[in-house]
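Before any comments, here is the structure.
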């Protein structure tokens, strides 16, 4: 076994399978495309699901890849285990209806044990298999694995809900007795236990059955197309081949860890510090790749996961003494370490760094604002912060529960952690329910894959007569449909969902039958499949129907789609020629247009853009469409969406000199048909990408009317006679508010100053120090802190505040520098609070507490020396 870098390991894998006729599939984006069942691409096969479930035919039946992945179901384990990461690379090889067991197992043995490749010693390899899969066992033995190294396990059957499934076989590497202190040996493998000695390297799945929850496994039907799906962790291979203890000690992580160590505040990568280093290194890798692939920070979905990763990394960075901004600097280290196989990362380097830095800064503000909110909760907590409040701080404001507990403890307040966990569990259940009960793989449809009857789509009419050429129910071809299913027509006027435009809806009808068309999608061989509900009658092959789309809905969609084209022209005119479309979505409710720009549009720019679009509408520009060869279309200057794949022939949509684009969507015949256009919002969706949401026609009118109604309501509330007087009135009210706040702050300052003056005039000498006991009413926490800080400018001062309130009385203690050499504020506040049947705690220089019984305050002040002396 020769030492190899991670890049060499990856290349060895890919080149080996290339030599076996495999196409090297580029690593897909971490963001799943058209797959709502996944938050992230989490396995090598995830991006290839469309081939395995038969929804799309691959160009290559043999594929190999090194797929970047993210799994975040148990973030808390990162750093605690030797091999757990949120970001990792999965090496894979796949057969889509091509080779099977008799090919892959000898290949696997060759790749693993031949000195030309990885050269693992045969005696170090162990293999598990499904007990009933004796063919796999015998193939491994024939390929060089000792029979006593073959482990039968009932768990070696890959199945996740309905769809493709089958037995699998796993390869393990024995790291030796040094990783087996109890000398339990192969028993751990036989019991299928997690352990550090036998490291799983590779899992090979023989996808040969169709899982059906209604059947027993022995009754599963064979798939019409058998597949091979494998996965091998690059990080684990590197750990074994490079001869290190953990994945974090491989060359995939060491440059990151070395950089952190060079910046850490005398806290080396050793002992208990290792956890912080590993969490930071792992999380920065995940965030760098995810953001480079187009993800963004947010408060939900994958954006929330990224936000959580950054905040967790920031907390550990603080423990190591790393300043704010360190994570953004680490982005450079990650990119430079990974650019051999992922050179595209360099293209988004600055964007990602800015996004991470912004998130770090936001979290710094979150910590500050969270503390302010927490103090308000503490005031009303009566000694116990509710789990609901703790959860709200965490869920809404991003304030970590650990920090909530720490701050509450300093002020003598407990946290109802049990209630917090209950709220958290309920929130997780709501999230699971929102995702729905989807299965990861849909069942294969051999019938749809074989269905090749020609079908055409026409833009020219909203109503045609057409003949049924295919009927499918749950992917299976049937002769008759009486309830709900999918229908293919000889010719259709229904637009299938694509290019950011939703599908048409409408009806199909003849004398005997009426159907409601709910959705339209493209079949594997590109026919339009109409998902229908049978309102009455039945459908048979050869039936003719009057096919009619919902013209009103289509017209609104047309307006919204055409407005996207005009909007892009206006953006390039008013902002920059470098502004380009980054995506769009149009339906009957709105248009959304994403475009490239690294700043927020000004109000003046938005006004000009909106005006330009309405000018184009008023100019009554005819819409001309033309089918051209792709190369000829490019020569005309027509714009194309960079992320879209086009065929040899493309449809070009042109609005005079204003707009010319590649587009297969439906459009108005003349710009005047749009009627009216209004911009509702302009926001950021990612670094360097902005989004405009707009309305057209009647929806635009209703939007403007609603804004006018709201303005009238404001006029009524503020007591002005017309809408035009609203803004002057609001400015006047704001000015009054600022003056009132200034006066309140001034009065509070005078109250604090008066109390400080009276306190300084009366003090108790004790142990060479000065005790300043001060009784106040309804002071805010900030007033308490200001008073303590002012009094303890006297180094010998012990400042004590008894703050009497209507609900929970509070106690505060602070010490000057000299006093701190003899006493600790946390111990003093606890002793004083105990005398008042309260509690408290905090830091050596300043501490807080609370108490309920105010009747003993005067007595406590009189006996303060004795209490402190205790």
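The values are calculated or read from the model by the stated rules, or taken from the named source; none is laboratory data. Everything numeric in this text was worked out from a predicted model, so none of it was measured. Here Cβ is always computed from backbone atoms with ideal geometry, including for glycine, and neighbour counts include all displayed protein chains.
Applying the set (1) at pLDDT 90 or above; (2) in the same structural domain as residue 493 (by TED's automatic domain parsing) to residue 386 leaves exactly one unmet item: (2).
All conditions in (1) assigned to a loop (DSSP other than H, G, I, E, B); (2) within 22 Å of residue 616 (Cβ to Cβ); (3) in contact with a helix residue (DSSP H, G or I) (Cβ under 7 Å, 6 or more places away or on another chain) hold for residue 664, with the sole exception of (3). When the residues of segment 405-431 are filtered to those that are assigned to a helix (DSSP H, G or I) and touching a strand residue (DSSP E or B) at 6+ places or on another chain (Cβ under 7 Å), the one that is surrounded by the most Cβ atoms within 10 Å (Cβ to Cβ) is 408.
The conditions of being outside any loop (DSSP other than H, G, I, E, B), more than 30 Å from residue 527 (Cβ to Cβ) and either under 22 Å from the mean Cα position of the chain (by Cα) or assigned by TED's automatic domain parsing to the domain that holds residue 170 (or both) are met by residue 66.
If you go through segment 75-110 one residue at a time, how many are under 27 Å from the mean Cα position of the chain (by Cα) and under 20 Å from residue 199 (Cα atoms)? Going through segment 75-110 one residue at a time, the tally reaches 16.
Here residue 672 clears all of (1) in a helix (DSSP H, G or I); (2) buried (at least 16 other Cβ atoms within 10 Å of the Cβ) except the condition numbered (2).
Just one of the listed residues (561, 565, 580) is within 14 Å of residue 659 (Cβ to Cβ) and surrounded by fewer than 18 Cβ atoms within 10 Å (Cβ to Cβ), and it is 580. Test residue 748 against the criterion of being farther than 30 Å from residue 291 by Cβ, in contact (Cβ under 8 Å) with a residue 24 or more places away in the chain and assigned to a helix (DSSP H, G or I), and give yes or no. Here the answer is yes, as residue 748 does meet what is asked. Determine which single condition residue 359 fails, assuming it passes every other condition in (1) in contact (Cβ under 8 Å) with a residue 60 or more places away in the chain; (2) out of contact with any helix residue (DSSP H, G or I) (no Cβ under 9 Å at 6 or more places or on another chain); (3) part of a helix (DSSP H, G or I). Here residue 359 clears every test but (2). Looking only at residues in segment 265-311 that are outside any helix (DSSP H, G or I) and buried (at least 16 other Cβ atoms within 10 Å of the Cβ), the one that is farthest from the chain's Cα centre (by Cα) is 267. Within segment 39-59, which residues are closer than 16 Å to residue 224 by Cβ and either at pLDDT 80 or above or outside any helix (DSSP H, G or I) (or both)? Matches in segment 39-59: 53, 54, 55, 56, 57, 58.
Residue-wise test of (1) closer than 16 Å to residue 44 by Cα; (2) crowded, with 21+ Cβ neighbours inside 10 Å; (3) modelled with pLDDT of 90 or more; (4) within 31 Å of the chain's Cα centre (by Cα).
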residue: 173; (1), (2), (3), (4): no, yes, yes, no
residue: 180; (1), (2), (3), (4): no, no, yes, no
residue: 185; (1), (2), (3), (4): no, no, yes, no
residue: 191; (1), (2), (3), (4): no, no, yes, no
residue: 214; (1), (2), (3), (4): no, no, no, no
residue: 223; (1), (2), (3), (4): no, yes, no, no
residue: 234; (1), (2), (3), (4): yes, yes, yes, yes
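Those residues that are part of a loop (DSSP other than H, G, I, E, B) and farther than 19 Å from residue 583 by Cβ, I need them from segment 604-661; list them, please. Scanning segment 604-661 gives 619, 620, 621, 636, 637, 647, 648, 656, 657, 658. Examine segment 15-38 for a residue that is part of a loop (DSSP other than H, G, I, E, B), surrounded by 23 or more Cβ atoms within 10 Å (Cβ to Cβ) and at pLDDT below 95, and state whether such a residue exists. Yes - at least one qualifying residue is present in segment 15-38. When segment 176-201 is filtered for residues that are under 14 Å from residue 83 (Cα atoms) and either touching a strand residue (DSSP E or B) at 6+ places or on another chain (Cβ under 7 Å) or outside the structural domain of residue 227 (by TED's automatic domain parsing) (or both), the ones remaining, listed by number, are 197, 198, 199, 200, 201. All but one of (1) touching a residue at least 12 places away in the same chain (Cβ under 8 Å); (2) touching a strand residue (DSSP E or B) at 6+ places or on another chain (Cβ under 8 Å); (3) surrounded by fewer than 12 Cβ atoms within 10 Å (Cβ to Cβ) hold for residue 683; state the number of the condition that does not hold. The number of the failed condition is (1). Residue count for segment 364-388 satisfying the condition of being in contact with a strand residue (DSSP E or B) (Cβ under 9 Å, 6 or more places away or on another chain) and not in a loop (DSSP other than H, G, I, E, B): 7.
The set of residues from segment 219-267 being touching a strand residue (DSSP E or B) at 6+ places or on another chain (Cβ under 9 Å) and free of Cβ contacts under 8 Å to residues at least 24 places away in the same chain comprises 221, 222.
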